[in-house]
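Below you'll find the structure, written out as structure tokens, and then a few comments.
The values are calculated or read from the model by the stated rules, or taken from the named source; none is laboratory data. Nothing here was measured: the structure is a model prediction, and the numbers come from that model. Here the Cβ positions follow ideal geometry from the backbone for every residue, glycine too, while neighbour counts run over all protein chains shown. Note: accessible area is taken over every heavy atom of the protein model, side chains too, but ligands, DNA and RNA are not part of it. Shrake-Rupley method; radii C 1.70, N 1.55, O 1.52, S 1.80 Å.
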Amino acid sequence: PLYPRSGSNISFTFQFTLPYSLFSDKDYANETVQEKYKWVEYHKYRFTAEWYQKITGNLVFKLATKYGYLGYYNPELGYSPFERFQLGGDGLSGRNFFVGRDIIAHRGYKDPYQTNAVIFNKYTAEVRYPFSLSPTSTIYGLAFVEAANAWNDFNDYNPFKLKRSAGLGVRLFLPMFGLLGLDYGVGFDSFNRATGATKLSDIAAFTFMLGFEPD
């Protein structure tokens, strides 16, 4: 599980609540926010697929894709304010768990660029090479390219409009601390002449991971 060399990992999960609003005769279009979301209702889907292939020796290629979608039952209520997706950054912004978001990391971007999305796509390709495969200290380096984005409404969804990044990283597993990681990535779509983000230091970022590989 620390350094897979071949095989795949595919999962599909879904969550749903009862459509509480269908059992009520309230006019939700004219209700207060407190009444609208007294009972939160939604249906939510997550799909993840990872594939590993040995190139030569212990040099491994990883390809991964992730999707998420949050739907609603009642158009008068729309999307739930909870269980949405936050995309960008290192995925360690734990304070966002208080509002029930799924935090999706995107290396190369310092801060989240979408915090309230209802749909996201993420694609990752990595080449990995181990420096040590000892059970007491597994260490490997990697080079990655990523593309991802998120949208606040399904009507705005465009699977070809993705934010891109590339970079290098290292992973270290120690039984005492678990999995530690450091990545340096360049977010190509952070480049913006209007805001003055034109230098490498403006569009690149270090991201850290602690304990587990973030989404």
- prompt: List, please: which pairs have Cβ atoms under 7 Å, are six or more places apart or on different chains, and start with a residue in segment 54-71 that is without any contact (Cβ under 8 Å) to a residue 12 or more places away in the chain and end with one that is open to solvent by 60 Å² or more (accessible area, probe 1.4 Å) and in a loop (DSSP other than H, G, I, E, B)?
  reply: none
query: Name the residues in segment 6-46 that are surrounded by 15 or more Cβ atoms within 10 Å (Cβ to Cβ) and at pLDDT 90 or above, would you?
result: Pro19, Glu41, Tyr42, His43, Lys44, Tyr45, Arg46
message: Here are the criteria: (1) open to solvent by less than 20 Å² (accessible area, probe 1.4 Å); (2) over 15 Å from the mean Cα position of the chain (by Cα); (3) modelled with pLDDT under 95. Tell me which single one Asn155 does not satisfy.
response: (1)
- prompt: Can you find even one residue in segment 78-86 that is in a strand (DSSP E or B), in contact (Cβ under 8 Å) with a residue 24 or more places away in the chain and among the acidic types (Asp, Glu)?
  reply: no
Options Tyr69, Tyr73; residue that is open to solvent by 50 Å² or more (accessible area, probe 1.4 Å), aromatic (Phe, Trp, Tyr) and not in a loop (DSSP other than H, G, I, E, B): Tyr69
- request: Would you be able to say whether some residue in segment 5-21 is of a type outside the set (Ser, Thr, Tyr), in a strand (DSSP E or B), under 26 Å from Phe120 (Cα atoms) and in contact with a Leu (Cβ under 7 Å, 6 or more places away or on another chain)?
  value: no
message: Can you say whether Glu76 is acidic (Asp, Glu) and modelled with pLDDT of 95 or more, as far as the supplied structure shows?
response: no
